[in-house]
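Comments concern the structure below.
Every number here is computed from the coordinates shown, using simple stated rules; none is lab data. These figures come from a predicted structure and were not determined experimentally. Cβ atoms come from the backbone with ideal geometry, glycine included; neighbour counts cover every protein chain shown.
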Amino acid sequence: MAARAAAAVLVLAPLLAGRIAVTGPRTVTLNFGPGDGPYLAGFAPEYEIDDKVGTHWTTYHAGVALPLEVRGGPVDMSYRFTRGFGETAQVEIRFDARAVDQFQCRGGTVLEPKAALGVLPAAPVRIGIESDSHERRDRGLKMDWIRLALGSS
């Protein structure tokens, strides 16, 4: 009888956990580097590790697709990167095909912009990174991480 009760708890616990509302901020971060390949399109073939920090270069047309869905909010998206070239890049960041940030950058400064996405209907985590530059190496941003925070504002 005790074995049946234990088995029932093991089976029902995950089902019930999926139905319980979670309150407070929730955060997901994609650290670029080893293991990021399944989530990327339009990135350089190889990642880099500098001082124990994994990074990955975008090409001019890059994207990240995580096997997640976000809903509610407010949702903030932040990202950490550098641009190692002297040529200025015009960059547009999109979330679920909607432009959420536009900026220019060049040189080796590490930047951590944040874009407020607002309250979202159910949306897949699809992030586009478009870079227009003239360094002729098909490189945009050297990405360190991307973070989504739900309920952080």
Antiparallel bridges, percent of DSSP beta bridges restricted to the range 35-102 (to nearest 5): 100
Give me, ordered by chain and number, the residues 5 or more places off residue 101 or on other chains with an amide H under 5 Å from its own placed amide H. 93
Per-residue HN-Hα couplings for the range 39-49, Karplus 6.51 cos²θ - 1.76 cosθ + 1.60 at θ = phi - 60°, whole Hz, x for Gly and Pro? 9, 10, 9, x, 10, 4, x, 10, 8, 10, 10
Which whole-Hz couplings ³J(HN,Hα) result when phi for each residue of the range 117-126 is put into the Karplus expression 6.51 cos²θ - 1.76 cosθ + 1.60, θ = phi - 60°, listed in order with x for Gly and Pro? 8, x, 8, 10, x, 3, 9, x, 7, 10
Residues listed by number, the range 115-153, amide nitrogen under 14 Å from residue 68 label point at 7 Å toward C-beta: 123-127, 145-152
Within the range 50-96, report the chymotrypsin sites (Phe, Trp or Tyr not before Pro) that DSSP leaves as loop and that have at most 10 other Cβ atoms within 10 Å. none
Given a Förster distance of 30 Å, the FRET efficiency implied by the Cβ-Cβ spacing of residue 27 and residue 134, rounded to the nearest 0.05, works out to 0.25
